[in-house]
Amino acid sequence: VQGVTDAFNALLAAADSNSATASSLSQAQFVTLGLTTISAEEASLLNTVISGLAPNAVDTYAELAALAAQVSRVIGTASSDSMVNAPSLADLSALGVSGVTTANLAVVQQAIASATPGQVDSLSELQSVVTAATNAYTAALGTISSYAQSNGGTAPTTATFAQAGVTGVDSANLAAIQSALASTAITGTQVDTTTEVQTLVDAYNRILAEANGTAADGTANDPTVA
């Protein structure tokens, strides 16, 4: 009982609404409080999150366990290189991460999956990974939109589309997608969001899949008028 009491008092002391403070709990103290499967990286990230919260944000086991689960999704995604259990927008917001929106969430999740656990085991490091991804996302969409508006200029690459959260662009179809963007039929405002660019890419990919010579149709999804 004393061990639990000491660990809980350490938790309340660490939660002083000052993310710059160094007060923290050991991995063993988190285990004592019931987080029996917490890893060293999860404990590290959780400590930095707790330090920026007020005591009443972690003064119940349910609140602590919820934060631990959100931290686990971050570290688990970085550990597995998979986005199957990637942190949601609500998760990242609860942890104190800024700059994430529904529009850029996918690229943020991919950035976390591409990181190592050691690169996201503190709130400042996690924020750095997120900020780099969101900045690249904004710049990539700007490149694509400007290319369409100017009917040329700096052409978006496969990396540009990936940074913008757009899938289905590779070296085989890149020139086709670029030609569609550079045409006078497409303006910058028609391709300044991920959804709009993805719609254009999906449309051209459907056309390219249909154009397969004398072979049987390569896809059951024939191109529509749209």
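The values are calculated or read from the model by the stated rules, or taken from the named source; none is laboratory data. Remember, it's a predicted structure, so these values are computed and weren't measured experimentally. Heads up, the Cβs are rebuilt from the backbone with ideal geometry, glycines too, and the neighbour counts pull from every protein chain shown. Just so you know, the surface numbers come from the protein's heavy atoms only, side chains and all, with ligands and any DNA or RNA stripped out. Shrake-Rupley method; radii C 1.70, N 1.55, O 1.52, S 1.80 Å.
Expressed in nm to one decimal, what extension gain is obtained for the pair A20 and V225 from 0.36 nm per residue of sequence separation less their Cα-Cα distance?
Working it through step by step, the gained length comes to 68.1 nm.
Carbon and sulfur: what percent of the chain's accessible surface (1.4 Å probe)?
Taking all protein chains in place, the chain shows 55 percent carbon and sulfur surface.
To the nearest 10 degrees, how steeply does helix 2-14 sit against the main Cα axis of the chain, on a 0 to 90 scale?
50 degrees
I'd like the FRET efficiency for A132 and A215, computed as 1/(1 + (r/R0)^6) with the beta carbon distance as r and R0 of 35 Å, rounded to 0.05.
0.20
Over the stretch 1-149, average the accessible area per residue using a 1.4 Å probe and give it in Å², no decimals.
45 Å²
Using R₀ = 45 Å, calculate the FRET efficiency as 1/(1 + (r/R₀)^6) where r is the Cβ-Cβ separation of A155 and A65; round to 0.05.
0.35
For T189 and S80 in one chain, what is 0.36 nm times their gap in residues minus the Cα-Cα distance, to one decimal in nm?
35.5 nm
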